[in-house]
1. At a threshold of 8 angstrom on Cα-Cα distance, excluding pairs fewer than six apart, so keeping six or more, what relative contact order does chain A reach in percent?
2. Can you give the relative contact order of region B:261-359 as a percent, counting alpha carbon pairs under 8 Å and 6+ residues apart?
3. So with the 1.4 Å probe, I'd like the accessible area per residue for region A:108-199, rounded to whole Å².
4. Taking K and R as +1 and D and E as -1, what net charge do the other residues with C-beta under 11 Å from the C-beta of B:Ser316 add up to?
5. Quick one: go through region A:270-311 and flag any residue whose amide nitrogen is under 17 Å from the point 7 Å out along the Cα-to-Cβ line of A:Lys228.
6. Just to check I understand the Karplus step: with θ = phi - 60° and J = 6.51 cos²θ - 1.76 cosθ + 1.60, what whole-Hz values come out for region A:332-342, glycine and proline as x?
7. How far apart, in nm, are the 7 Å Cα→Cβ label points at A:Ile270 and A:Gln416?
8. To make sure I understand the rule: partners must be lysines, Cα under 29 Å from the Cα of A:Lys257, and not fewer than 8 residues away in the same chain. Which ones qualify?
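The values are calculated or read from the model by the stated rules, or taken from the named source; none is laboratory data. Just so it is clear, the model here is predicted, and its values are computed rather than measured. All Cβ positions, glycine included, derive from the backbone under ideal geometry; neighbour counts span all protein chains shown. Just the protein is used for accessible areas: all its heavy atoms, side chains included, with ligands, DNA and RNA removed. Shrake-Rupley method; radii C 1.70, N 1.55, O 1.52, S 1.80 Å.
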Amino acid sequence: MIRSIPRSFTIVRDRAECTNCGACVRQCANGCHFLSEDKKTVLANSNECVACHRCVCFCPTGALRIEKYICAYRDNANWTPRYQQEICRQAETGSVLLCAMGNPQPYPIYWDKILLNAAQVTNPSIDPLREPMEIRTILGNKPERLQVEKKGKSITKMPPQVILETPLMFSAMSFGSISLNAQKSLAIAAKNMGTLFNTGEGGLHPDLHDYSEYAIVQVASGRFGVHKKYLNESSFIEIKIGQGAKPGIGGHLPGEKVNVEVSQARMIPIGSDAISPAPHHDIYSIEDLRQLIWSLKQATDDKKPVSVKIAAVHNIAAIVSGAARAGADIIVIDGFRGGTGAAPTRIRDNVGIPIELALAAADARLRDEGIRSSISLVAAGSFRCSADVVKAIALGANAVYIASAALIAMGCHMCQTCNTGKCNWGIATQRPELTQRLDPETAHISLENLINAWNHEIKEMMGGMGINSVDSLCGNRLMLRGISMTEKELEILGIKHAGE
Amino acid sequence: MQKEGQIRIPSGCAIAAIIDRKGGRINGSEIIKSIALMHDRSNGLGGGFAAYGIYPDHKEDYAFHVFYETAQARKDCEKFLFKHFNVNISEKIPTKKIAAIENGPDIWRYFANPNKVHMKEARLDEKEYTAQCVIRVNNKIEGAFIFSSGKNMGCFKAVGYPEDVGEFYMLDQYDAYLWTAHGRFPTNTPGWWAGSHPFNLLDWSVVHNGEISSYDTNRRYIEQYGYICTMQTDTEVITYLFDHLIRHHELPIDVAADVLTAPEWDEIDLMDDENKEYFTNIRAVYSGALVNGPFSVILGSNKGLLAINDRLKLRSLTAATKGDRAYFASEESAIRIVCPNPEKVWSVSGAEPVFLSLELEGEDEA
């Protein structure tokens, strides 16, 4: 059939710089670069280029660059090229459009409309270089009050707690959606930085058992890899009800990424699409959730906190309140910008709400009901920098999950084609020739650098506000002001406008 | 311009306190002398005092001190008070007209006990009932503010320098075994006397120098438990935190102080197992009550006096003792002017609370 959709990118080679070394030919898993018949010249066919920049980064002479391929369509603000091309793809395949990573559409980003405070004159800022600046975070169910015998002697038996040395945790990325090397890098970094990584829906690979105490193990609707040992050797257990990238549907691992190891970890046949059911088939109502939480606590002798992860949707405040009363120790809210290895495009781009609004609404509702202090709230769904994190904590989060940021630290260039399994950076693939490109011994250092850098920036911003403990930043909405927002947006976020 | 309470007004200040642990009487002129020395720490936009043991003839009654902006406010408030309490005495608080204190609200005082029928219907104990009534009046009745609600104690405050406020209320006619005082330097014109310090609920009074950067975290924590921060001041939220921890959670006063000024993790990590567990649990359970930001706070109560500084010791607070008496002030000179030769003088340490209990003969727990 004649190709009806223009390609997206053009590989541009500067012939003066190109030495025909062939590095790009070896690097591109999409087969864009190839040698001429006489093997003396490197040529390129840009049709399959996804702009992952692998060849650009590896070219020793910097001879390559990627351009957007401009094939002009007549201006149409309604029928944009994107919508036209998607119809062509569907006419060709009859399928649901699939995509990867988080919602790229230009919806408002509230982090970019929120400003932070600094202490001046009436109250001094604190110097993080010279004074202790505390970011240790304790997650878990908390009793409302402490029983003490006297000063220095507490007699309350505390429920299980998880102590993190940073408010940042690595979010769920399953073995299957990403390579074992990528997961191992996350596990090592989590251990070294005093935080945790999340197994996602893919179970815990045997090679990572040494890191199980730093693992948050997920119990998702497919129950892949869930067995007693998995639950008991974790840091805490997370019931994945939904994720921000695709609220209402289950996880999706395309068959091309299910090799022998993935099939063993998940306990499914090789090559089959691993599509998790939409709901958990034993959670059709809030009381069912309570029963599952109880069962997991039974299975782990009440030694592990149980967390419930929900996608940010319209009645998020009520759902969070319900989950808290159903016995969740930690509640994770995942906003609509959350990343994914594979999701139907329409769901990723149209379902769910921003984490900023969901977090603010849920935190306020829990406080109105007097139950905020007994659980921990974790926010997820696109934290691009440490300022986003500080704003989230001020809105009410105890901790945040990062995933896309961690992948970028390991080499991801957001080409958004993870679902094809041809990740040139060795991250979102299972092909051995690609996975070997990511060495955990170096990748974990990049992750640790990222966490370190963000930790320091968080401390700088906190010190600037005159706060020396993250406990005093949590829920401190007066440290935030909005700008270019409507009254209603300010009201839902529970913050004032800049200048007030 | 918004009234204080609708808008948050940060301020800096001066604080002072004198206590006679055996219940010996101290005349108001002494505390006035002490705080007057620190005149330059205030800007004349607020001053106040708390006095304990001043109503020995009405020991068993709650002494409500109330500000009324309008006649209607008084009507509405009295209707509420007379319904929920048996009021034994109702009178204006005697004051002297002086140039330094300008047109303020009407100031009334009531000696009352909870109406047992209403209290029983509400199924609350006496203190919770009274506290909730006070919060209700302050939140719901426009123009009325109960600024003191303890037994055998009272707060006296206004917009003006503290020494002028003391003269206005004729505090040299009162003798107390515990005085606290405050001079305010707000960064905006308050205009509403209720914003001055001390802040009071039941027999807690708090004077505070500093600005807490954790204010909104603390407010949103404490408002889960029935408190409403109507004045949006640091002093108010600190008072409620203490009331909640000590009265509702029955924590000893030194443990409550540990909650607000908990040590840092690098100190906790080096402690012995028992202390490590104690402080870790305190920080985990009461993270919303940790107070950050510079402060020196003096908490007065019928049990005694608690003086605390923030963990980084960013505000001055000097203490001194002589015989049964102890003195506190933002500056040592303010102590020496009323007690020239103290036996012991020291600077209160960051996160090391000083608690001095009252040992009154024949007194039962309030």
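1. Values: 1045 pairs, mean separation 95.2, N = 500.
Once divided by the residue count of chain A, the mean separation gives 19 percent.
2. On the way: 156 pairs, mean separation 27.2, N = 99.
Computed over region B:261-359, the figure is 27 percent.
3. On the way: 3620 Å² over 92 residues.
Dividing the accessible area of region A:108-199 by its residue count gives 39 Å².
4. Numbers: positive: B:Arg41, B:Lys313, B:Arg315; negative: B:Glu331, B:Glu332.
Value of the local net charge: +1.
5. So the set is A:295-304.
6. 10, 10, 10, x, 5, 8, x, x, 7, x, 6
7. A separation of 3.4 nm, rounded to one decimal place.
8. A:Lys68, A:Lys184, A:Lys191, A:Lys228, A:Lys229, A:Lys240, A:Lys246, A:Lys309, A:Lys422
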